[in-house]
Amino acid sequence: MASITKESLESKIKSILISEQEIQNAVVRAGEYINALYDGKPILLVSILKGAFIFMADVLRTVTVPCEIDFMVAKSYYSGTVSSGMVQITLDLTHDVKDYHIVILEDIVDTGRTLHDVVGLLKERNPLSLHVITLLDKPDRRVVEYTPDLSLFTIPDLFVIGYGLDYDEYYRNLPYIAEYGE
Ligand code: 5GP
């Protein structure tokens, strides 16, 4: 296998789709949405790892309502487009969500499987309320019906990297969203 170099990684960054400034403007919109929706009520911000960790860190600093954070790692099992109804949680929340208004922050909605299943699972735990904000949305790729409460950017069917999103664990450190290509 060829070794990874700075140049080999940079050569696969095809084009910048969303600039650092555009992302920061969208982060402010996410914060305004949360602050208006919850109007002073305590909330639990939940980020699905790993891709959404930078988005979470930025949105967190725009939130003015009382706020705690938690993380989960989830994988959904499907046969074709049909969910087995099983979502495997390899890292679960440490909070008992029935005491909280939950806001899930996701990096990207693609087939919709992950959020469809995670939202179903968390609703069974009876939170006070649950809303989902995604940074990116690829509606053309949906195989299960799922619509987030707020999508900050709708993008075409491309594989994207940067701002927490990886290809083979690289590129999460890019401050912008770019198209990945060989
Ligand atoms: P789902 O298909 O369940 O809606 O999306 C599951 C996960 O696939 C996302 O949270 C994300 O980690 C990954 N994913 C989907 N599309 C892309 C993409 O364009 N780039 C990257 N880096 N990850 C993606």
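Quick notes
- Contacts under 8 angstrom Cβ, first residue in region 153-172 being acidic (Asp, Glu), partner not in a strand (DSSP E or B), 6 or more apart: Asp157/Lys138; Asp157/Asp140; Asp157/Arg141; Asp166/Lys50; Asp166/Gly51; Asp166/Arg172
- Pairs with Cβ under 6 Å, 6+ apart, first in region 85-114 and in contact (Cβ under 8 Å) with a residue 60 or more places away in the chain, second of a type in the set (Gly, Ala, Ser) and buried (at least 18 other Cβ atoms within 10 Å of the Cβ): Leu105/Ser47; Leu105/Ala52; Thr114/Ser76
- Number of residues in region 61-89 that are on the phi < 0 side of the Ramachandran plot and either at pLDDT below 80 or in contact with a helix residue (DSSP H, G or I) (Cβ under 6 Å, 6 or more places away or on another chain) (or both): the value is 16.
- Cβ-Cβ contacts under 8 Å between residues 6 or more apart (or on different chains), taken from a first residue in region 1-23 that is at pLDDT 95 or above and loosely packed, with under 14 Cβ neighbours inside 10 Å to a second residue that is of a type outside the set (A, V, I, L, M) and not in a loop (DSSP other than H, G, I, E, B), are listed as Ser15/Glu179.
- Candidate set: region 106-134, residues that are within 22 Å of Lys12 (Cα to Cα) and touching a helix residue (DSSP H, G or I) at 6+ places or on another chain (Cβ under 7 Å); chosen: the one farthest from the ligand (Cβ to nearest atom): Asp107
- Residue within region 109-117 that is hydrophobic (A, V, I, L, M, F, W, C) and surrounded by fewer than 21 Cβ atoms within 10 Å (Cβ to Cβ) present: no
- Close pairs (6 angstrom Cβ cut-off, 6 or more residues apart or separate chains): under 13 Å from Ile104 (Cα atoms) in region 120-145, among the charged types (D, E, K, R) anywhere: His131/Asp149; Val132/Asp149; Thr134/Glu106; Leu135/Asp107
The values are calculated or read from the model by the stated rules, or taken from the named source; none is laboratory data. A quick note: this is a predicted structure, and the numbers were derived from the prediction, not measured. Ideal geometry is used to build each Cβ from the backbone, glycine not excepted, and the neighbour counts take in all protein chains shown.
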